[in-house]
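These notes are about the structure you will find just below.
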Amino acid sequence: MEVKRILVVSSIRPGATALYLIESLREAGHELRVVSDWAHSGVDRIAIGAFDAAGWADREGFRPDALLFIEGGTRLIFPRGMEDLDCVTAWYAIDTHLHLRQHLSLARLFDVTFVAHLEFLRHFREGEAHWLPVAAAPRLHAGPQVPRDIDVAYIGSDHRGLHPERARLLDLIRSRYGNSFIGRADPSRIGEIYGRAKVVFNKSVRGEVNMRYFEAMGAGAVLVTDCAARENGVEELFNPGGDFLEYRDDASLLSAIDSLLADDETREQIGARARQRVLSDHTYQHRARKVVDALAAVEHRVRPGREDYLPAYHLLRYPDAVLSEASRSLSGMRTQGDRNPVLALIAPCVCGLAVLLSWAYRLRYRLRHARLARKTAGRKTPG
């Protein structure tokens, strides 16, 4: 089956994996319709919560060859109605190292699951699943080469409550290397900042191969990272010690950084080799081709029922969607002739509660959206 028309559902915040994958699919000539809870120039429809993908596609006159849900962003949008689509359905599970139980439930709703972290691929035995690591976006590194005037860079969260060990290591780096950039930055400037960095520091959450591998190496900086779990496939992607350096404790971290800063030739060789490997094998163009090839080889067999969506909505914390599905199920029972008086009393109550929760959910979303927008606007970047 040829896959040319794809309906994408995802929360597309700036810097989200979905954004780069969508760009790569469009660059490859695929016709996309994109639904998101976050406004963006490439988005065709704004929606929140459980989004009726089949109903919207029918109203738009768009007949997709595939539906692709990409996890990430606010996590406040999810497709429903996939049983009414006449196309293969797939999703990209990016944070399985944090949400394994939730992901196993969601996978039952789709024909294909793409898993970002190889360590967890073995858990998705019930359906078709493929390893799809995150990657680099070449446009972030397309600017002219500039002098590397930052000794150590790290872009990301240094929240002490969420990541105490990472915060401690960042404090250590700040105290030893004054010429550093540590903190958050606008995603559009990741390539620029890492392009100026000699060394990029990384501390994973749970031994995963995260986006910083690809961002740092794609910019030609030398990545110094904690040891990824070998079952996460890092050795299938890169050559540890050749493409990047690893540390195991404070002493090995500082030793690695000191040696790189003192040896320009070795540092530049490692950085150039790593950049070449990333741009040759690990961009979102490469990942987009793998997605399309996998979708083309699969038939649409999974047609979830309402009972299949309910646990997914519960795990996603969509109470309005849970009650809406329950209301539809009760209404269906009455339509089929069930005259139970208790059912006649409960059905309209559940329906009304679902409507009220839906409005409350939308208010909650708008408040959260405004807060995230303020945080994004308030991020500072180096001059």
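The values are calculated or read from the model by the stated rules, or taken from the named source; none is laboratory data. Here the structure is a predicted model, which means the values were calculated and not measured. Every residue, glycine among them, receives a Cβ derived from its backbone with ideal geometry; neighbour counts consider all protein chains shown. Protein only, heavy atoms only, side chains kept; ligands, DNA and RNA dropped before computing areas. Shrake-Rupley method; radii C 1.70, N 1.55, O 1.52, S 1.80 Å.
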| task | Could you please give the count of residues in segment 32-66 that are surrounded by fewer than 18 Cβ atoms within 10 Å (Cβ to Cβ), under 15 Å from Arg13 (Cα atoms) and not hydrophobic (A, V, I, L, M, F, W, C)? | result | 5
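Only one of Phe114, Phe78, Phe51 is within 20 Å of Ala135 (Cα to Cα) and not in a loop (DSSP other than H, G, I, E, B). Can you tell me which?
Working: Phe78 fails: within 20 Å of Ala135 (Cα to Cα); Phe51 fails: within 20 Å of Ala135 (Cα to Cα).
Criteria check complete, one pass: Phe114.
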| message | Given the condition open to solvent by less than 20 Å² (accessible area, probe 1.4 Å), without any contact (Cβ under 8 Å) to a residue 24 or more places away in the chain and not aliphatic (A, V, I, L, M), answer yes or no: does some residue in segment 67-89 qualify? | response | no
| task | Return yes or no: is Asn239 open to solvent by 40 Å² or more (accessible area, probe 1.4 Å), over 23 Å from the mean Cα position of the chain (by Cα) and either among the aliphatic types (A, V, I, L, M) or closer than 24 Å to Asp281 by Cβ (or both)? | result | yes
| message | As an exercise: evaluate Gly29 against (1) at pLDDT 90 or above; (2) assigned to a loop (DSSP other than H, G, I, E, B); (3) surrounded by 15 or more Cβ atoms within 10 Å (Cβ to Cβ) and give the number of the one condition it does not meet. | response | (3)
| note | Scanning segment 90-103 for residues that are part of a helix (DSSP H, G or I) and open to solvent by 10 Å² or more (accessible area, probe 1.4 Å), the one nearest to Arg306 (Cα to Cα) turns out to be Gln102
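Sort through Ala54, Ala39, Ala28 and tell me the only one that's farther than 25 Å from Tyr309 by Cβ, hydrophobic (A, V, I, L, M, F, W, C) and more than 20 Å from the chain's Cα centre (by Cα). Before you say what the answer is, go through the steps one by one.
Values: Ala54 fails: farther than 25 Å from Tyr309 by Cβ; Ala39 fails: more than 20 Å from the chain's Cα centre (by Cα).
Testing whether each residue is farther than 25 Å from Tyr309 by Cβ, hydrophobic (A, V, I, L, M, F, W, C) and more than 20 Å from the chain's Cα centre (by Cα) leaves just Ala28.
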| message | List pairs: first residue in segment 148-167 and over 30 Å from Glu265 (Cα atoms), second residue hydroxyl-bearing (Ser, Thr, Tyr) anywhere in the structure, Cβ distance under 8 angstrom, at least six positions apart or on different chains. | response | His163/Ser157
| task | Look through Phe120, Phe110 and report the one residue that is touching a residue at least 12 places away in the same chain (Cβ under 8 Å) and open to solvent by 20 Å² or more (accessible area, probe 1.4 Å). | result | Phe120
| query | Would a scan of segment 154-166 turn up a residue that is touching a Leu at 6+ places or on another chain (Cβ under 6 Å) and of a type in the set (Asp, Glu)? | reply | yes
| In segment 164-207, what count of residues is obtained for those that are surrounded by 17 or more Cβ atoms within 10 Å (Cβ to Cβ) and in a loop (DSSP other than H, G, I, E, B)? | 5
| said: If I filter segment 60-73 for residues that are within 22 Å of Arg289 (Cα to Cα), in a strand (DSSP E or B) and more than 14 Å from the chain's Cα centre (by Cα), do I get at least one hit? | reply: yes
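Pick from segment 219-233 the residues that are in contact with a helix residue (DSSP H, G or I) (Cβ under 8 Å, 6 or more places away or on another chain) and either within 19 Å of His123 (Cβ to Cβ) or part of a loop (DSSP other than H, G, I, E, B) (or both): which of them is modelled with the lowest pLDDT? Before the answer, list the steps.
Here is the first cut: in segment 219-233, the residues in contact with a helix residue (DSSP H, G or I) (Cβ under 8 Å, 6 or more places away or on another chain) are 219-225, 228-229, 231-233.
Narrowing further to those that are either within 19 Å of His123 (Cβ to Cβ) or part of a loop (DSSP other than H, G, I, E, B) (or both): 219-221, 228-229, 231-233.
Working: Ala219: 96, Gly220: 96, Ala221: 97, Ala228: 85, Ala229: 77, Glu231: 88, Asn232: 91, Gly233: 93.
Taking the candidates together, the pick is Ala229.
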| said: Would you confirm whether or not segment 4-17 contains a residue that is touching a residue at least 40 places away in the same chain (Cβ under 8 Å) and assigned to a helix (DSSP H, G or I)? | reply: yes
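Which members of segment 3-16 meet the condition of being open to solvent by less than 10 Å² (accessible area, probe 1.4 Å) and touching a Gly at 6+ places or on another chain (Cβ under 7 Å)?
First pass over segment 3-16, keeping only residues open to solvent by less than 10 Å² (accessible area, probe 1.4 Å): 3, 6-12.
Hits for segment 3-16 are Ser10, Ser11, Ile12.
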| said: Every residue in segment 168-182 that is in contact (Cβ under 8 Å) with a residue 12 or more places away in the chain and either in contact with a helix residue (DSSP H, G or I) (Cβ under 9 Å, 6 or more places away or on another chain) or acidic (Asp, Glu) (or both), please. | reply: Leu169, Leu172, Ile173, Arg176, Tyr177, Ser180, Phe181, Ile182
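Does Ala219 satisfy the criteria of being over 21 Å from Leu140 (Cα atoms) and either acidic (Asp, Glu) or surrounded by 13 or more Cβ atoms within 10 Å (Cβ to Cβ) (or both)?
Details: over 21 Å from Leu140 (Cα atoms): no; either acidic (Asp, Glu) or surrounded by 13 or more Cβ atoms within 10 Å (Cβ to Cβ) (or both): yes.
No, not satisfied.
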